Amino acid sequence: NFIKKTGVAPEAWIMEPTFTVDKRKEYILRPETIESLFYMYRITGDSKYQDIGWELFQNIVEHAKTENGYSAIKDVTKIPASKLNRMDSFFIAETLKYFYLLFSPTDLISLDTFVFNTEAHPLRKY
């Protein structure tokens, strides 16, 4: 399984008949996976989504951390992971925000009171 190498998924893969990596083997620190885990945890209350998120966070730290920040990974199927010397702003603005929210008390930002826009900014519902 390709995810077992670095513990993070590539930008694209083919799901049928088996999970295989497509031509885009990089991981550019996108927030969508952790965002999904955040919503699944908040909706179900099942801590398995926090467990998955914690494992993902540890894998990002292990394979994407640099001396001065974090870097996109060139190929998630290879260890050691080579880095692309690039950290898009959404990593800090969204990815890390969703990690923080996943492990924060659920009443910090209630989904009954707030909705998140596409940039992970909470907006109060009226």
Considering the range 54-96 alone, what residues qualify as being among the small types (Gly, Ala, Ser) and within 21 Å of ALA120 (Cα to Cα)?
GLY69, SER71, ALA72, SER89, ALA93
Inside the range 65-91, can you point out the residues that are farther than 24 Å from THR118 by Cα and in contact with a Lys or Arg (Cβ under 9 Å, 6 or more places away or on another chain)?
THR66, LYS74, ASP75, VAL76, THR77, LYS78, ILE79, ALA81, SER82, LYS83, LEU84
As an exercise: evaluate ALA81 against (1) closer than 13 Å to LYS5 by Cα; (2) among the small types (Gly, Ala, Ser); (3) modelled with pLDDT of 95 or more and give the number of the one condition it does not meet.
(3)
Report, by residue number, each residue of the range 51-63 that is crowded, with 17+ Cβ neighbours inside 10 Å and either under 12 Å from the mean Cα position of the chain (by Cα) or closer than 17 Å to LEU101 by Cβ (or both).
ILE52, GLY53, LEU56, PHE57, ASN59, ILE60
Selection within the range 108-126 - more than 20 Å from the chain's Cα centre (by Cα) and β-branched (Val, Ile, Thr):
THR113
Considering only residues that are within 22 Å of PHE103 (Cα to Cα) and either among the basic types (Lys, Arg) or in contact with a Phe, Trp or Tyr (Cβ under 8 Å, 6 or more places away or on another chain) (or both), which ones fall in the range 23-42?
LEU29, ARG30, PRO31, ILE34, GLU35, LEU37, PHE38, MET40, TYR41, ARG42
Top-ranked residue of the range 25-50 - restricted to ones that are more than 20 Å from ILE92 (Cα to Cα) and of a type in the set (D, E, K, R), ranked as least open to solvent (accessible area, probe 1.4 Å)
ARG42
Taking the range 78-126 on its own, how many of its residues are among the hydrophobic types (A, V, I, L, M, F, W, C), out of contact with any helix residue (DSSP H, G or I) (no Cβ under 6 Å at 6 or more places or on another chain) and either open to solvent by 50 Å² or more (accessible area, probe 1.4 Å) or in a loop (DSSP other than H, G, I, E, B) (or both)?
9
Six or more apart or on different chains, Cβ atoms under 8 Å: show the pairs whose first residue is in the range 71-91 and over 21 Å from PRO31 (Cβ atoms) and whose second is open to solvent by 40 Å² or more (accessible area, probe 1.4 Å) and of a type outside the set (A, V, I, L, M, F, W, C).
THR77/LYS5; THR77/LYS25; LYS78/LYS5; ILE79/LYS5; SER82/LYS74
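The values are calculated or read from the model by the stated rules, or taken from the named source; none is laboratory data. In this text, all values refer to a predicted model and were calculated from it rather than measured experimentally. Here Cβ is always computed from backbone atoms with ideal geometry, including for glycine, and neighbour counts include all displayed protein chains. Side chains included, ligands, DNA and RNA excluded: accessible areas come from the protein's heavy atoms. Shrake-Rupley method; radii C 1.70, N 1.55, O 1.52, S 1.80 Å.
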